[in-house]
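The values are calculated or read from the model by the stated rules, or taken from the named source; none is laboratory data. Since the structure is predicted, the reported quantities are computational estimates derived from the model, not experimental observations. Here the Cβ positions follow ideal geometry from the backbone for every residue, glycine too, while neighbour counts run over all protein chains shown.
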Amino acid sequence: MSVRRLFPPLAPRPVNYACVDLTPFVLRLHADAYWEHVGLRPKLFQYYSFLNATLPGFLTYLETSFRRNPEWILFAIIGRRSQDTTQPELDGRLAGVIGAWNASAKDLSAEIAHIVVFPKWQGTGVGARAAVLLTRFCLQLPDATPLGLGMRRVQWVVHPDNRASIGLVKKLGMKQEGFFRWCRVLPDGWAGNKPRQGDPLEYRDGRNTVYLAICWDDWEQGGRESAQALIEKPLAVVV
């Protein structure tokens, strides 16, 4: 079963709670607005192991990584406490994106990844709520309220220096499971850990990675309540 079956097109909004929606990223609706916010801000990706330097490059990345990959999906984060008059069809404003990678129906597991919150929305609580909503959607049972996918495991892979992200997911109930050294090669020019002389990619630094996860038993033993407490925190208004 593919992620397209795991994430059914639940109309009108797949995942939502109190003024924040997660809706599948649609190129004609979201791509230009996304690029307006991130195109000249490479610092937004300082903790990532990749960077799309141009809009065509980003569109190619979406096509090859998401649209053609049955186990990946990207959501647009829509804040609905204010409206974008240039795009009334959004029923709100595009605040960022969040993805689910390696969503396996066979193993009932997924990884939450590629979360980017635009600068104007950082500190408002929208990013935290998006992370909670997607985690909850993955772990809730299909017959629960709100409904979910019934997964057994959701993981979060993060740069060890991204303390804000690590702190957030620990509040959600995720537990650190490992610290993987030298598991990513960074893009050319990015600062990281220096490799040894003679390395096949000596001109590209490497990075370490922290693995965290929350599983169904964590969710049933207090994780659900932690998630609810996070999404009930008030949101700041962006105009």
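For the reader, a short list of remarks on this structure follows.
- Flag for Thr135 being crowded, with 21+ Cβ neighbours inside 10 Å, out of contact with any Asp or Glu (no Cβ under 7 Å at 6 or more places or on another chain), of a type in the set (S, T, N, Q) and touching a residue at least 40 places away in the same chain (Cβ under 8 Å): yes
- Taking (1) in contact (Cβ under 8 Å) with a residue 24 or more places away in the chain; (2) touching a helix residue (DSSP H, G or I) at 6+ places or on another chain (Cβ under 8 Å) in turn, Gly148 satisfies each apart from (1).
- Candidates Trp156, Trp219 - the one that is part of a helix (DSSP H, G or I) and closer than 26 Å to Cys138 by Cβ: Trp219
- Tally of residues being under 9 Å from the mean Cα position of the chain (by Cα) and surrounded by fewer than 19 Cβ atoms within 10 Å (Cβ to Cβ) across the stretch 94-114: 1
- Here Ile73 meets the list (1) buried (at least 19 other Cβ atoms within 10 Å of the Cβ); (2) farther than 19 Å from Ala130 by Cα almost entirely, failing just condition (2).
- Residues that are surrounded by fewer than 15 Cβ atoms within 10 Å (Cβ to Cβ) and either part of a helix (DSSP H, G or I) or on the phi > 0 side of the Ramachandran plot (or both) within the stretch 187-216 comprise Gly189, Gly198, listed in sequence order.
- Residue match in the stretch 173-182 (condition: charged (D, E, K, R), within 17 Å of Trp156 (Cβ to Cβ) and crowded, with 17+ Cβ neighbours inside 10 Å): no
- Hits in the stretch 45-54 - residues which are over 21 Å from Leu134 (Cα atoms) and either surrounded by 15 or more Cβ atoms within 10 Å (Cβ to Cβ) or of a type in the set (Val, Ile, Thr) (or both): Ser49, Leu51, Asn52, Thr54
- Candidates Ala110, Ala103, Ala76, Ala95, filtered to the one that is in contact with a helix residue (DSSP H, G or I) (Cβ under 8 Å, 6 or more places away or on another chain) and under 15 Å from Leu27 (Cβ atoms): Ala76
- Check on Ile78, touching a Lys or Arg at 6+ places or on another chain (Cβ under 8 Å) and of a type in the set (A, V, I, L, M, F, W, C): yes
- Applying the condition of being modelled with pLDDT of 85 or more and more than 18 Å from the chain's Cα centre (by Cα) to the stretch 52-71 and asking which residue is farthest from Leu27 (Cα to Cα) yields Thr54.
Here is a yes/no grid of residues against (1) of a type in the set (Phe, Trp, Tyr); (2) closer than 24 Å to Val169 by Cα:
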| residue | (1), (2) |
| --- | --- |
| Phe58 | yes, no |
| Thr64 | no, no |
| Phe75 | yes, yes |
| Ile78 | no, yes |
| Trp101 | yes, yes |
| Ile115 | no, yes |
| Phe118 | yes, yes |
| Arg129 | no, yes |
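- Filter result (surrounded by 14 or more Cβ atoms within 10 Å (Cβ to Cβ) and either part of a helix (DSSP H, G or I) or at pLDDT 90 or above (or both)) within the stretch 1-20: Val3, Leu6
To keep it simple, each residue is scored yes or no on (1) more than 21 Å from Ser104 (Cα to Cα); (2) within 19 Å of the chain's Cα centre (by Cα).
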site: Val116; (1), (2): yes, yes
site: Gln122; (1), (2): yes, yes
site: Val126; (1), (2): yes, yes
site: Asn162; (1), (2): yes, yes
site: Gly167; (1), (2): yes, yes
site: Lys171; (1), (2): yes, yes
site: Tyr211; (1), (2): no, yes
site: Gly222; (1), (2): yes, no
